[in-house]
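S.K.: Structure incoming, see below.
The values are calculated or read from the model by the stated rules, or taken from the named source; none is laboratory data. Fair warning: this is a prediction, and the values are worked out from it, not measured in the lab. Reconstructed Cβ throughout: ideal geometry from the backbone, glycine too, with neighbour counts over all protein chains shown. Keep in mind that these areas ignore ligands, DNA and RNA; they rest on the heavy atoms of the full protein, side chains included. Shrake-Rupley method; radii C 1.70, N 1.55, O 1.52, S 1.80 Å.
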Amino acid sequence: GLLFLSAGSIEYATGTLDLKKMGGLARYMPITLACSFIASMAIAGVPPFNGFFSKFSIVMAAIEGGYFFRAGLGAVVGIITLASFAKFQRYAFLGKTSLVTPVNDPPLLMRLPMIMLAVVCLAMSLLIVPEIRSVFLDPAVHALLPTLTDTIIPAVP
């Protein structure tokens, strides 16, 4: 969602969807740059962002299950995702611009949801720390565990 909001912010500011007509937006749109960068790294699974831990878990589970091709495919897809979002970052925020008028970050009501989602992406990456995970996730796991076990494995009368 954060990537869509970032793209909308860029289109709002520039009036175009053509990445090759952008460039140099980093100095005019620092908040959008930061939010877009966090979202790009998270979706690509770059450590320590939140997407890394889920992608790593999936690849490790595939390896442990003996699905080596699928594990390799998952890793390759992560690399391709990183390359595509690096290209997006380069075209939109770096390099020379062909825009005639200078642009700015969008209004506060457009920036605020982006900032909130970026903070959530960063905060979710902290759940890898056992002390933090035990405070925030363990109560939910313990509350749901009896329900899940009854659904998956019905109780014997």
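The rows are residues; the columns are (1) out of contact with any Cys (no Cβ under 8 Å at 6 or more places or on another chain); (2) farther than 21 Å from VAL119 by Cα; (3) hydroxyl-bearing (Ser, Thr, Tyr).
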site: GLY8; (1), (2), (3): yes, no, no
site: ALA26; (1), (2), (3): yes, no, no
site: SER36; (1), (2), (3): yes, no, yes
site: MET41; (1), (2), (3): yes, no, no
site: LYS55; (1), (2), (3): yes, no, no
site: ALA61; (1), (2), (3): yes, yes, no
site: ILE80; (1), (2), (3): yes, yes, no
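S.K.: Has the range 65-80 got at least one residue that is in contact with a Leu (Cβ under 6 Å, 6 or more places away or on another chain) and among the aromatic types (Phe, Trp, Tyr)?
M.R.: No, the conditions are met nowhere in the range 65-80.
S.K.: Does LEU112 fit the bill of being of a type outside the set (Lys, Arg), within 25 Å of LEU2 (Cβ to Cβ) and over 26 Å from the mean Cα position of the chain (by Cα)?
M.R.: No: the conditions fail for LEU112.
S.K.: Please go through the range 8-55 and give me each residue that is small (Gly, Ala, Ser) and in a loop (DSSP other than H, G, I, E, B), ordered by number.
M.R.: Selection gives GLY15, GLY23, GLY24, ALA26, GLY45.
S.K.: Sticking with this structure for a sec: Test MET114 against the criterion of being in contact with a Ser or Thr (Cβ under 7 Å, 6 or more places away or on another chain) and modelled with pLDDT of 85 or more, and give yes or no.
M.R.: yes
S.K.: Filter the range 2-17 for residues that are of a type outside the set (Val, Ile, Thr) and more than 14 Å from the chain's Cα centre (by Cα); which is surrounded by the most Cβ atoms within 10 Å (Cβ to Cβ)?
M.R.: SER9
S.K.: Restricting attention to the range 124-141, which residues are free of Cβ contacts under 8 Å to residues at least 12 places away in the same chain and part of a helix (DSSP H, G or I)?
M.R.: Hits for the range 124-141 are LEU126, PRO130, GLU131, ILE132, ARG133, SER134, VAL135, PHE136, ASP138, PRO139, ALA140, VAL141.
S.K.: Looking at ILE58, ILE43, ILE80 in this structure, which one is over 16 Å from LEU3 (Cβ atoms), β-branched (Val, Ile, Thr) and either modelled with pLDDT under 90 or open to solvent by 40 Å² or more (accessible area, probe 1.4 Å) (or both)?
M.R.: Of the residues listed, the single one that is over 16 Å from LEU3 (Cβ atoms), β-branched (Val, Ile, Thr) and either modelled with pLDDT under 90 or open to solvent by 40 Å² or more (accessible area, probe 1.4 Å) (or both) is ILE58.
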